[in-house]
Every structure is written in structure tokens, then in C-alpha cells.
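A single structure is presented below for examination.
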Amino acid sequence: MIQYAKIFTGPYCNNDCTCCPHTDSDRSMRPIEEILEQIDEAKTKGLNSAYLYGGEPELRYDLKQITDYLQKQGFTRIKLSSNGRAFSQWKRVEESLNKGIFGYEIKLVGSKVGTHDRITQVEGSFSQTVQGIVNLRNSGDPATGRKPFVGLKVLLSEDNIDDAQEIVSLGVSLRVDRIILSLASSGLKITDVLPILRGSIEIAVLNKLWISTDGVPLCMLNEYESHWGELFGLGLREGEKGNKCEKCSVFDVCNGVLSGYLDKFGDAELLPLKKGQQLGIIKKIAQAQNV
Amino acid sequence: MSKKLNILLTTFNIHAQQHYYSLALGFLKSFTLKDPALKEKVNIEILDFCSSCHENEQVLFYLTKMKPDLIGFSVYCWNAEKIFKLAALVKQMMPETMIAVGGPEVGPIDREVMENNPSIDFLERGEGEATFAALLTKLTSGKKVENVKGLTYRNGNEIVRNEERPLIDPLDEIPSPYLTGTLVPRDWATYLESYRGCPFECGYCFEGKNYPKIRSFSKERLRAEVELLESSASVNRFSFIDPVFNLSKDRLKMMAEILKSASAKGKKLHTIELNVESVDDESIKLLKICGVESIETGPQTFNPKALKAVSRKIDPKKFSDGIALLKQNGIKVLSDLIIGLPEDGLLDFMESTRLVMANKPDTVIFSTLHVLPGTQLYEDSAKAGLIFDRSAPHCILSTTKLSYNELKKAEVLAESLRKEYNT
């Protein structure tokens with residue numbers, strides 16, 4: 001709904017998630033000149049919201065330089081994608097708010113230490129991430145009363161799909177403001193996991209928490225269309241589409257499935273959607289997110 | 001000398017940091033006391049409570065200490081259920097205390113309110129000032145109320161509905177609660193009224209349907225009220241309850257002339273309701289002279305079918321241009337959306353939200369449709385396929401395009417977006 005300039009800060013990260021597309025050798029920081037250039041370009045498109053993602057942008061020593069430049073260029077809304085570990089220290093929360101970052105999307109991959117740390121491959125990362133979420137939830141600008149927006153991004157793979165609903169429940173108890181269920185592995189067959197995804201959506205909405213999906217094509221979200229990630233500009237990874245997809249009304253705006261999915265499972269699940277009034281609106285909303 | 005009638009006027013206001021007080025009760029008191037004969041016979045006190053901060057038990061604590069002869073409640077959709085319950089408790093504990101109610105929540109459905117709430121003795125329909133004063137004149141002289149126009153009352157087991165009272169015209173017949181000292185202006189919480197009525201007929205709104213004719217307070221009275229606020233060291237920000245501040249260019253010029261001095265001294269107007277489509281360069285100049293620092297506007301929806309269903313028209317380009325012009329000139333914009341309008345499905349609501357956010361207002365405000373008594377939607381609800389809670393605040397439950405499930409989803413989404421956008 002809100003149009004963000006999506007700014008990749010580089011794959012450098014202090015986690016080593018099993019589902020991450022970046023390899024060990026690829027852990028670099030994107031040159032700041034490129035980032036500042038991208039900010040300038042985003043400004044010419046009339047954008048005033050920026051989404052910083054990586055890797056782990058919080059690790060950049062020059063993050064303040066980036067956020068200062070964003071604010072100088074008139075960006076009033078800055079959201080940070082993070083594993084949240086840095087924010088387990090209160091001082092880092094304060095520093096982040098002082099940089100003008102009032103939107104957070106924290107990545108969580110398990111409802112328990114065992115699951116989360118096994119996937120991130122960093123011992124202690126779960127407790128740090130959860131503490132980070134708690135700290136962000138309790139923070140704010142005392143002068144203005146401004147409180148940060150804290151969302152959760154749940155990266156789902158074969159290693160934690162059975163834990164999905166518990167992770168959502170944890171998000172509810174941590175009082176996050178939104179959850180994204182993101183299919184992070186092409187090894188998950190979507191039709192097999194749809195009941196889990198639907199159940200997760202029901203848990204969240206019942207607890208008055210909005211939830212969106214990422215990596216699930218619209219044709220599989222029957223009755224859950226309003227949760228389609230493309231309506232919210234989600235989906236950062238390159239996807240692939242089936243042969244029949246060209247006939248689909250939302251072909252141009254759908255991100256498809258994750259790369260490698262069609263090799264494993266084929267495209268029988270992907271069914272082109274015919275024109276209809278609702279699809280017209282869906283396409284309009286999704287199209288507007290592609291800036 | 002016979003004993004004065006002790007009257008308490010009270011209400012529960014919407015919660016806000018600045019603690020609102022009721023302008024309506026101020027009007028009631030100032031109108032009543034302008035009659036010297038009546039003034040000798042009544043003591044009137046006003047007590048404002050907050051709908052979120054104060055429970056009935058706390059209010060009863062005050063009421064049972066004060067033991068008024070008559071309590072007048074100002075009833076709105078946000079406080080109706082609470083007031084009805086309180087009225088019942090008051091009658092149990094103080095059966096001799098008379099209870100009167102007025103306000104947009106009760107006037108249009110007077111018979112229903114009286115039937116469902118046996119503790120209520122009197123109900124003023126429409127504008128309450130003259131009706132309330134006429135009621136008190138009768139009560140203080142021991143006369144019957146059968147000829148008090150605008151009144152619905154209980155006569156034994158019978159509910160009697162007197163004939164309608166004409167609208168007060170000229171409006172200056174109502175003394176200013178501020179100039180009479182009835183209400184003390186407070187920073188942020190002070191609202192002035194420059195006219196009553198509305199030229200628009202939005203289906204969900206009470207104002208346009210019931211007060212189609214515009215009646216204005218005089219320029220001289222407005223000027224005096226503004227001068228009072230100008231001289232007040234504690235009031236830096238105030239507002240107007242007028243449904244459309246920029247009703248016409250001439251009116252805006254008049255307001256600029258009245259507000260110029262106060263504005264020059266740093267007094268600002270906040271959350272003025274504005275018709276954004278008619279904002280142009282000249283309007284901006286006038287709004288700045290008035291000291292306007294923030295405005296509130298629609299669109300409520302951008303869906304043409306939903307707009308038609310509630311008798312609204314919007315030119316999306318003019319709307320967008322108006323907002324851009326306001327923001328360019330440093331005036332903050334609050335943009336409103338309603339969830340649950342007829343013909344608005346969940347995806348329609350999402351599209352309207354996208355379009356509103358694309359205009360980049362400073363704040364987006366979401367609210368769920370309340371199908372209010374006295375509005376066109378309330379009258380046509382069956383025909384329009386609206387199912388709503390019959391108890392106040394009359395929230396919509398479903399429409400032909402939005403199931404209950406989808407409505408709740410829209411509310412959850414709206415809250416999430418509100419937090420993200422307005423942070």
C-alpha cells in the first residue's frame with residue numbers, strides 16, 4: 001500500500017541462515033555511492049518512503065550517512081529489514097531511532113531457540129532477536145510520543161514450516177504490528193503447505209494482526225487474495241513463472257514462484273486467472289507497488 | 001423565595017489528550033440564562049467527563065453528592081449506551097431527579113429511546129437550546145409541558161411527542177458561551193461554531209440531511225469570540241466545528257479578516273474541515289492568514305459506486321492537487337477513509353487506501369462506518385442491504401459487498417497501515 005524505494009545495502013550479514021540465497025563468499029557491502037545514487041533516483045519518482053534491506057543493513061558502519069541522506073532528500077519514512085540482534089542492546093535501539101528509522105521488519109525463523117538458532121546457524125541469535133523485538137516494541141521518542149512500527153518477517157523453509165503457526169503465535173504475543181509469511185525455499189511445495197499458511201493467516205487475523213504472504217502466487221490464494229504479498233510491494237527475490245502463466249490476468253504483476261521451484265514441482269499448480277472485476281482492482285493495486 | 005431548580009448538564013466526551021469539553025452544553029446554558037426571569041429560577045452547572053477515562057461509578061459519585069433536581073445529558077453515538085445505563089442508575093438511586101436527554105443520537109429516534117429507557121423523562125429533538133429553555137420555564141413555574149415544541153416526554157405510561165420546533169434563526173439569538181463566561185477557553189480543546197448546516201448531503205452524515213439551510217452567526221459575534229481567544233495567554237490553538245470551513249471564497253475572506261490579528265499573534269487553527277477540491281492559490285493565502293496549520297478532509301472512499309451510494313462526488317485529480325497545494329504551503333493534511341461504505345468491498349477499500357496514501361497526506365485516519373440515526377443511510381439501510389448494530393455506536397456489521405469477516409479483516413489491515421503510515 002505504501003510505496004517504498006527498495007534499497008539493497010548488500011548481502012553482508014552476521015547470521016548464516018540455511019535458507020539464505022547469499023553464500024559465504026558473497027558477504028559484501030554495496031558501495032555507498034550506488035546507494036546514494038539510487039536514493040536520488042527514487043526521489044525523482046516522487047517517493048518519500050525507503051526500505052533498507054540486505055543482508056543485515058544494521059551492520060553497515062555508514063548506515064547513519066545513508067539515513068541522513070534519505071532525510072535530506074525528503075524521505076520521511078525509513079523502514080529497516082533486520083535480524084533484530086543488534087536491538088537486543090537498548091543503546092542500539094536509541095541510536096537507530098535517532099537515525100530516523102521508525103519502521104522495522106525483523107526476521108524470525110523459529111518459535112523456539114532450537115529451531116531458530118539451527119536455521120540461522122548462530123547460537124544465541126533467537127534470544128537476541130526476541131529481545132530486539134521486545135526492545136523496539138517498548139521504545140519510542142518521549143518528546144513526540146512517536147513509536148516505531150515493528151513487523152515480523154517469517155522466512156519459511158522445510159526446516160521450520162511445521163513451526164509456522166507457533167511463530168505467528170509468538171508474533172502475536174510480542175505485539176508486533178504485522179507479519180509477513182515468506183516462502184524462502186523452493187523446496188516447499190506450495191499446495192502441501194497451503195493449509196499451514198491459511199491456518200497462520202487465521203491465527204493472526206483472529207488476534208487482530210495483519211499478515212501477508214510472500215512467494216505464493218495469487219492463483220493459489222483462493223479466498224485469501226487480500227493477503228497476497230504483491231499488493232503490498234513484497235517480494236524481493238527473482239521468481240519464475242509457468243508456461244500457462246502468460247494467459248493470467250495478473251501475469252505482469254505476479255512475482256511467480258521462487259527460482260528452482262518449477263524444476264522440482266513443475267507448473268501444474270499454477271493456473272491462469274481469468275479477467276474479472278476483482279482481478280482488475282488487484283492488478284491496479286499491485287501495479288502501483290512496482291516503482 | 002422559592003427554591004431554585006438545580007440543574008446539571010453533563011456528557012461523556014470523546015477521549016483526547018487535551019480533554020475536550022462540550023460546546024453543546026455551553027450553548028444550552030448560555031441560552032437558558034439569557035432569560036432574566038428564568039435565570040432567577042435555575043442553577044446550572046456543567047460537568048464534562050471522558051468516555052474512556054471515566055466510568056459510570058465515578059460519575060455517580062459526583063451526582064449523588066450534588067443531588068441535582070434535573071440532569072441534562074448530551075447524547076452522541078460514542079456515549080449513548082453509557083448514558084442510558086447511567087440514567088437508569090440515577091433513577092434507582094435518586095428517583096426524584098428528572099432526566100432529560102438531547103443530541104443527534106436521540107432526536108431522530110426519540111420514541112424508541114423513550115420506550116427503551118424508562119428512566120428518561122424528557123427528550124429534546126433537534127436543536128436543543130430553545131426547547132430546553134422552554135422546558136425549564138414550564139418546570140420552574142409548575143406548568144405542564146404539553147405545549148413545549150420540540151419535546152418528547154413521558155406522561156404516565158404514555159410517550160407524548162409535541163410538534164416540531166422551528167430552527168433558531170437568527171443564530172445570534174444563542175448567546176456565545178465564551179463571551180458570557182459560560183465556557184472558559186482552553187488550549188487545543190476550544191471549538192467555535194460559525195454556522196450550522198451543510199450544503200452537502202453525505203449519506204452517512206447527520207448534518208446535511210437535517211440542517212440543509214446554512215444559518216450563520218454574525219460576523220460581529222465571531223470577531224468578538226476570536227478577540228477573546230486572541231487575548232487569552234493560554235490558548236494558542238483552537239478550531240471550528242464547521243463541516244466545511246471553506247464553504248465559499250467570500251466566506252473564507254470574511255474568516256481571514258476576522259482571524260488575521262489572532263493569527264499574526266501566533267494563534268493557530270488545527271484540524272479544520274476542508275473541501276480540498278476547491279483549494280487554489282487564493283484559498284491557500286486566505287487559509288494562511290487565518291492561521292490554519294492543519295486540515296482534515298475525505299475522501300472516505302475513491303470507489304465511484306460507493307461515492308454514489310452515499311451521495312458524494314470526488315474529482316480525484318482536483319482532490320490530489322488540493323492536497324499537494326496544501327502540503328507545499330506547510331499546511332498539514334489529515335485524510336479520512338471509512339470502512340464499510342455501501343458498494344465498497346475489501347479490495348475496493350484497499351484500492352482507496354492505496355490512492356489516499358499516494359497523495360501523501362501527513363496522517364491517514366480510518367474509521368468504521370457508523371449507521372447513525374437521522375442519516376440517509378439509517379433510513380435506507382434495508383434497501384441498501386446494510387446490517388448494523390442497532391445499539392450505539394451503530395457500527396456496520398456487513399453490507400452486500402463486505403461480509404462481517406471481510407469487514408474485520410479490513411479493520412485489522414487498516415490498523416496495521418495506520419501504524420505504519422502515521423509513524
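Of everything in segment B:232-280, what is in contact with a strand residue (DSSP E or B) (Cβ under 9 Å, 6 or more places away or on another chain) and among the basic types (Lys, Arg)? Give them in sequence order.
B:Arg237, B:Arg251, B:Lys267, B:Lys268
Does B:Lys327 meet the test of being within 12 Å of chain A (Cβ to nearest Cβ), farther than 18 Å from B:Cys77 by Cβ, among the charged types (D, E, K, R) and not in a helix (DSSP H, G or I)? Quick ask: steps written out before the conclusion?
Details: within 12 Å of chain A (Cβ to nearest Cβ): yes; farther than 18 Å from B:Cys77 by Cβ: yes; among the charged types (D, E, K, R): yes; not in a helix (DSSP H, G or I): no.
Here the answer is no, as B:Lys327 does not meet what is asked.
Another question, then. So which residues in segment B:231-251 are surrounded by 18 or more Cβ atoms within 10 Å (Cβ to Cβ) and within 21 Å of B:Pro212 (Cβ to Cβ)? Please lay out each step first, then the result.
Going through segment B:231-251, the residues surrounded by 18 or more Cβ atoms within 10 Å (Cβ to Cβ) turn out to be B:232, B:235, B:237-240, B:242-247, B:251.
Within segment B:231-251, B:Phe240, B:Asp242, B:Pro243, B:Val244, B:Phe245, B:Asn246, B:Leu247, B:Arg251 meet the criteria.
Among the candidates A:Gly46, A:Gly10, single out the residue that is of a type outside the set (Lys, Arg), within 14 Å of another protein chain (Cβ to nearest Cβ), closer than 29 Å to B:Ser416 by Cα and part of a loop (DSSP other than H, G, I, E, B). Don't jump to the end; show me each part of the working.
Numbers: A:Gly10 fails: within 14 Å of another protein chain (Cβ to nearest Cβ).
When all the criteria are applied, what remains is A:Gly46.
Moving on to the next point. Whether any residue in segment A:200-215 is assigned to a loop (DSSP other than H, G, I, E, B), within 23 Å of A:Asp159 (Cα to Cα), over 13 Å from the mean Cα position of the chain (by Cα) and among the basic types (Lys, Arg) is what I want to check.
There is no residue in segment A:200-215 that is assigned to a loop (DSSP other than H, G, I, E, B), within 23 Å of A:Asp159 (Cα to Cα), over 13 Å from the mean Cα position of the chain (by Cα) and among the basic types (Lys, Arg).
Among the residues of segment A:158-175, is any within 14 Å of chain B (Cβ to nearest Cβ), on the phi > 0 side of the Ramachandran plot and either hydrophobic (A, V, I, L, M, F, W, C) or under 19 Å from the mean Cα position of the chain (by Cα) (or both)?
Of the residues in segment A:158-175, the ones within 14 Å of chain B (Cβ to nearest Cβ) are A:168, A:171-172, A:175.
Now drop any that are not on the phi > 0 side of the Ramachandran plot, which leaves A:175.
Applying the additional criterion that residues be either hydrophobic (A, V, I, L, M, F, W, C) or under 19 Å from the mean Cα position of the chain (by Cα) (or both) yields A:175.
For segment A:158-175, residues within 14 Å of chain B (Cβ to nearest Cβ), on the phi > 0 side of the Ramachandran plot and either hydrophobic (A, V, I, L, M, F, W, C) or under 19 Å from the mean Cα position of the chain (by Cα) (or both): present.
For segment A:106-148, name all the residues that are more than 14 Å from chain B (Cβ to nearest Cβ), within 19 Å of the chain's Cα centre (by Cα) and part of a loop (DSSP other than H, G, I, E, B).
Selection gives A:Val109, A:Gly110, A:Ser111.
Suppose we keep only residues that are among the acidic types (Asp, Glu) and more than 26 Å from the chain's Cα centre (by Cα) within segment B:383-423. Which one would you say is surrounded by the fewest Cβ atoms within 10 Å (Cβ to Cβ)? Quick ask: steps written out before the conclusion?
Here is the first cut: in segment B:383-423, the ones among the acidic types (Asp, Glu) are B:389, B:406, B:411, B:415, B:420.
This time we only want the ones that are more than 26 Å from the chain's Cα centre (by Cα), so: B:406, B:420.
Details: B:Glu406: 19, B:Glu420: 23.
This residue is B:Glu406.
Let me ask another. Spot the failing condition for A:Cys19; the list is (1) at pLDDT below 95; (2) closer than 18 Å to A:Arg77 by Cα, and only one is missed.
(2)
State all residues of segment B:384-422 that are within 19 Å of B:Phe206 (Cα to Cα) and part of a helix (DSSP H, G or I); if no residue qualifies, say none. If you could, list the steps in order and put the result at the bottom.
Let us first name the residues in segment B:384-422 that are within 19 Å of B:Phe206 (Cα to Cα), namely B:384, B:386-396.
B:Ala384 - this is the single residue of segment B:384-422 that is within 19 Å of B:Phe206 (Cα to Cα) and part of a helix (DSSP H, G or I).
Just the residues that are assigned to a helix (DSSP H, G or I) and either touching a residue at least 60 places away in the same chain (Cβ under 8 Å) or within 14 Å of chain B (Cβ to nearest Cβ) (or both), please, taken from segment A:87-105. I'd like the intermediate steps shown before the answer.
Let us first name the residues in segment A:87-105 that are assigned to a helix (DSSP H, G or I), namely A:87-88, A:90-98.
Hits for segment A:87-105 are A:Ser96, A:Leu97.
Restricting attention to segment A:125-156, which residues are in contact with a helix residue (DSSP H, G or I) (Cβ under 7 Å, 6 or more places away or on another chain) and free of Cβ contacts under 8 Å to residues at least 12 places away in the same chain?
Selection gives nothing.
Moving to a separate point now. Report, ordered by the first and then the second residue, all pairs with beta carbons closer than 9 Å, sequence separation of six or more or different chains, a first member in segment A:246-260 that is in a loop (DSSP other than H, G, I, E, B), and a second member that is among the β-branched types (Val, Ile, Thr).
Pairs found: A:Ser249/A:Ile282; A:Val250/A:Ile282; A:Val253/A:Ile282; A:Val253/A:Ile285.
Looking at A:Asp162, A:Asp192, can you tell me which residue is assigned to a helix (DSSP H, G or I) and in contact (Cβ under 8 Å) with a residue 12 or more places away in the chain? Reasoning before the result, please.
Working: A:Asp192 fails: in contact (Cβ under 8 Å) with a residue 12 or more places away in the chain.
Within the list A:Asp162, A:Asp192, the selection yields A:Asp162.
Going through segment B:345-383 one residue at a time, which ones are assigned to a loop (DSSP other than H, G, I, E, B), away from every other protein chain (no Cβ under 14 Å) and of a type in the set (Gly, Ala, Ser)? Break it down into steps so the answer makes sense when it comes.
To start, the set of residues in segment B:345-383 that are assigned to a loop (DSSP other than H, G, I, E, B) comprises B:345, B:359-362, B:369, B:371-375, B:380.
Imposing the further condition that a residue be away from every other protein chain (no Cβ under 14 Å) reduces the set to B:369, B:371-375, B:380.
B:Gly374, the sole residue that qualifies.
Out of all the residues in segment B:413-421, is one or more among the small types (Gly, Ala, Ser) and free of Cβ contacts under 8 Å to residues at least 12 places away in the same chain?
yes
Only one of A:Lys112, A:Lys72, A:Lys45 is free of Cβ contacts under 8 Å to residues at least 24 places away in the same chain, loosely packed, with under 15 Cβ neighbours inside 10 Å and more than 14 Å from A:Pro148 (Cβ to Cβ). Can you tell me which?
On the way: A:Lys112 fails: free of Cβ contacts under 8 Å to residues at least 24 places away in the same chain; A:Lys45 fails: free of Cβ contacts under 8 Å to residues at least 24 places away in the same chain.
Going through A:Lys112, A:Lys72, A:Lys45 in turn, just one is free of Cβ contacts under 8 Å to residues at least 24 places away in the same chain, loosely packed, with under 15 Cβ neighbours inside 10 Å and more than 14 Å from A:Pro148 (Cβ to Cβ): A:Lys72.
The values are calculated or read from the model by the stated rules, or taken from the named source; none is laboratory data. On a predicted model such as this, the values are computed, not experimentally measured, just so you know. For neighbour counting, all protein chains shown are included, and Cβ atoms are generated from backbone atoms with ideal geometry for every residue, glycine included.
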